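The values are calculated or read from the model by the stated rules, or taken from the named source; none is laboratory data. Remember, predicted model here, so these are calculated numbers, not experimental data. Virtual Cβ from ideal backbone geometry, glycine too; neighbours counted across all protein chains shown. To get the accessible areas, we keep the full protein, side chains included, count just its heavy atoms, and leave off ligands, DNA and RNA. Shrake-Rupley method; radii C 1.70, N 1.55, O 1.52, S 1.80 Å.
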Amino acid sequence: LPAAVFVYTLVNTGKERAKVSLLFTWANSMGGTSHMSGGHVNEPFIGEDGVSGVLLHHKTGKGNPPVTFAIAASETQNVNVTVLPCFGLSEDSSFTAKDMWDTMEQDGKFDQENFNSGPSTPSLAGDTICAAVSASAWVEAHGKCTVSFALSWSSPKVKFSKGSTYDRRYTKFYGTSPRAALDLVHDALTNYKRWEE
């Protein structure tokens, strides 16, 4: 499947419980000609089973099929997930990477209302937009906590140089909608332990 899972075990060797926040960021980019072509949109989501994150809809160049990335984390009884659906890398951005880091340093999480922000306005040519997912947890003294993030990507059509296109194999199970990235990231986060066995 076009997905990857990143699992972190937080260990507190101290004598007091500690609040820890981890951050997963991703640029709405594939490099190449479409990187700064504009028209890219980020969209927050709250999914099933505590899986929440951001969809990054990427408009590719040269008539190639679009790609949607999903970054997400699993919310549990001890892990709180928040998102920053859109920030920019340039100093001209309304919310910059520096602003994002300042928010994390001050609050250790993002505003819960960000989940209600809906799709971002399409990026302008020359701009790189990014998204972030934060997972925060209290780790008890001499305790442990697991935090899981995942990345998926959905580009249902593969286009060959002679112009023919085909559906990728995963579409047999997830369909051809770019929103399949949401189902892929959900399944990655809810099933990776079973796949390890």
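Values as computed for the structure displayed
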{"quantity": "Relative packing of 97-108, 66-77, which averages over residues the other C-beta atoms within 10 Å, highest first", "calculated": "66-77, 97-108"}
{"quantity": "Modelled FRET efficiency - R0 22 Å, Ala4 with Asp99, Cβ distances, 0.05 increments", "calculated": "0.20"}
{"quantity": "Heavy-atom accessible area per residue - the range 1-154, 1.4 Å, Å²", "calculated": "51 Å²"}
{"quantity": "Whole-angstrom gap from the range 178-195 to the range 131-176, using each part's C-alpha centre", "calculated": "7 Å"}
{"quantity": "Spin-label proximity, His142 to the range 12-32 - amide N less than 12 Å from point 7 Å beyond Cα toward beta carbon", "calculated": "13-16"}
{"quantity": "Cα-based Lys pair tally, the chain, threshold under 28 Å, eight or more apart or on separate chains", "calculated": "23"}
{"quantity": "Rounded if a/c under 1.5, otherwise prolate or oblate - the range 98-188, Cα gyration tensor axes", "calculated": "oblate"}
{"quantity": "Against the rule of thumb 2.2 N^0.38 Å, how large the Cα Rg of the chain comes out", "calculated": "1.08"}
{"quantity": "Computed label-point distance, nm, for sites Asn116 and Lys19 using a 7 Å Cα→Cβ extension", "calculated": "2.2 nm"}
{"quantity": "The chain, accessible surface, carbon-and-sulfur percent (1.4 angstrom probe)", "calculated": "51 percent"}
{"quantity": "Size of charge dipole - the chain - debye, nearest 20, with Cβ of Lys, Arg +1 and Asp, Glu -1, no other charges", "calculated": "940 debye"}
{"quantity": "For peptides 143-155, 12-24, 168-180, 34-46, sequence by mean Cβ density within 10 Å, most packed first", "calculated": "143-155, 34-46, 168-180, 12-24"}
{"quantity": "Cβ-based charge dipole, the chain, positive-most Cα from Ala141, Gly118, Ala70", "calculated": "Ala70"}
{"quantity": "Radius 13 Å from Cβ of Leu182, net charge of other residues (Lys, Arg +1; Asp, Glu -1)", "calculated": "-4"}
{"quantity": "Charged-residue dipole, Cβ positions (Lys, Arg, Asp, Glu), the range 15-94 about Cα centre, Debye nearest 20", "calculated": "180 debye"}
{"quantity": "Paramagnetic reach from Lys59 in the range 18-51 [backbone N under 11 Å; point 7 Å along Cα→Cβ]", "calculated": "37-41"}
{"quantity": "Three-way shape label, the range 143-197, alpha-carbon gyration tensor, a/c 1.5", "calculated": "prolate"}
{"quantity": "For the range 35-137: rounded, prolate or oblate by the Cα gyration tensor [a/c cutoff 1.5]", "calculated": "oblate"}
{"quantity": "Extension gain (nm, one decimal) between Ala125 and Ala27, 0.36 nm per residue minus Cα-Cα", "calculated": "33.8 nm"}
